[in-house]
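Asker: Take this structure first; my questions come after.
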Ligand SMILES: *Cc1c(COP(=O)(O)O)cnc(C)c1O
């Protein structure tokens, strides 16, 4: 592959074009293995950023794509509908918490967040509360890279100061502390109440990632926050937007993370794993009340409609992926992964380079004391035959649900040994 061209002309996620990080040429993928151009195989620990839950090159998903391809790859969604979209939206309405039933299909997670935010604004406007145009959210969150989504990401890691005069300003409250089993304290409950009390009069919605804050820091917090937020939203006329783009489709051990708390948000965003990692697709799903209120408003319609809305190829694969998920013992598989991660990773908590170990469902996180040298540790991981992509001070895995125990143990081993490698880099630096 022409890696020189790649380096000189192609932007990769969050990289420099003058000092790019190395890229590894992948020519094929199957199951939980990525195949490099040089023939080397890597065990995949990332599911390509939460997406490839069934592994790569899955015969059922391949067949769904091929079958749909022979009918039509795409057709516009304005004034036209088709079976793959109907079948998908039926499933989404059915598997998401009861009450979420009106589905807007779109291209990517960030766009589903943009749509959710516009729905909240239009909803408040329809209630003659156009002044309620701010969003409430936690610090350390991540909701996507488009401007609206970015404006509710963590202000520091999202470098909001760079975009200050360009981007809308919203209202942040300190994130919940780590700990799935650490219930919300009275002080935290009071802080949330004060936050709503002070800001809700100008707020359209509270947007948050339930239980797991992903790209903002791979944090895991208690489900006991959710009913508190739900009550405050109801009390103060603020919509509740659950961003399940990372957590949806089983990753945390429940089909959706809000299920850990049995609450129903007013709006939910799903994406990432929706097509099993095959194509880009996402959805905003809301309640009947939200949809009806919005449609009785001034515009009368939801002001959004992407060109590739409801892409039939993506919808067909999503239908196959959801059916495959529900047909497999996904929950047992995810809980098996969780057990192994607990056994293999928890003992590393004592390592001097490690600040915290966090595990939930199919997610295993090592938070280190210091940021890692991504280029060096990446090279080390590839040499050891695994694909793990750290960021900042976080080395984490979320493998496909189908991963075998031996492969998972190997991933954990390499994470562990990676700490020794990082330690040796430090010593090298000190000697120099
Ligand atoms: C990845 C992610 C997004 C953005 O999705 P894209 O498909 O990358 O636009 C939004 N919210 C959360 C929680 C995510 O993990």
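Asker: Condition first: within 22 Å of residue 35 (Cα to Cα) and surrounded by 11 or more Cβ atoms within 10 Å (Cβ to Cβ). Now tell me which residues in segment 2-19 satisfy that.
Answerer: Residues satisfying the conditions are 3, 6, 7, 10, 12.
Asker: Now for a different question. Find the residue count for segment 324-355, including only residues that are in contact (Cβ under 8 Å) with a residue 12 or more places away in the chain and either buried (at least 16 other Cβ atoms within 10 Å of the Cβ) or assigned to a helix (DSSP H, G or I) (or both).
Answerer: Residues meeting the conditions: 21.
Asker: Quick check: anything in segment 219-236 surrounded by fewer than 24 Cβ atoms within 10 Å (Cβ to Cβ), within 13 Å of the ligand (Cβ to nearest atom) and touching a residue at least 12 places away in the same chain (Cβ under 8 Å)?
Answerer: Looking for residues that are surrounded by fewer than 24 Cβ atoms within 10 Å (Cβ to Cβ), within 13 Å of the ligand (Cβ to nearest atom) and touching a residue at least 12 places away in the same chain (Cβ under 8 Å), one finds at least one in segment 219-236, hence yes.
Asker: Give me a count of the residues in segment 377-389 that are in a loop (DSSP other than H, G, I, E, B), surrounded by 17 or more Cβ atoms within 10 Å (Cβ to Cβ) and in contact with a strand residue (DSSP E or B) (Cβ under 7 Å, 6 or more places away or on another chain).
Answerer: Adding up the residues that qualify gives 1.
Asker: Looking for whichever is surrounded by fewer than 23 Cβ atoms within 10 Å (Cβ to Cβ), under 15 Å from the mean Cα position of the chain (by Cα) and within 14 Å of the ligand (Cβ to nearest atom) here; the options are 280, 275, 252. Which one fits?
Answerer: Only one candidate qualifies: 280.
Asker: Separate question: Considering only segment 286-298, I want to know if a residue exists there that is closer than 22 Å to residue 81 by Cα and within 16 Å of the ligand (Cβ to nearest atom).
Answerer: no
To keep it simple, each residue is scored yes or no on (1) loosely packed, with under 13 Cβ neighbours inside 10 Å; (2) in contact with a helix residue (DSSP H, G or I) (Cβ under 7 Å, 6 or more places away or on another chain); (3) assigned to a helix (DSSP H, G or I); (4) in contact (Cβ under 8 Å) with a residue 24 or more places away in the chain.
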| position | (1), (2), (3), (4) |
| --- | --- |
| 80 | yes, no, no, no |
| 93 | no, no, yes, yes |
| 103 | no, yes, no, yes |
| 125 | no, no, yes, yes |
| 131 | yes, yes, no, yes |
| 142 | no, no, no, yes |
| 162 | yes, no, yes, no |
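Taken together, the values in this text are just the output of simple stated rules run on the coordinates, not laboratory data. Fair warning: this is a prediction, and the values are worked out from it, not measured in the lab. Counting neighbours? That spans all protein chains shown, and the Cβs are built from the backbone with ideal geometry, glycine included.
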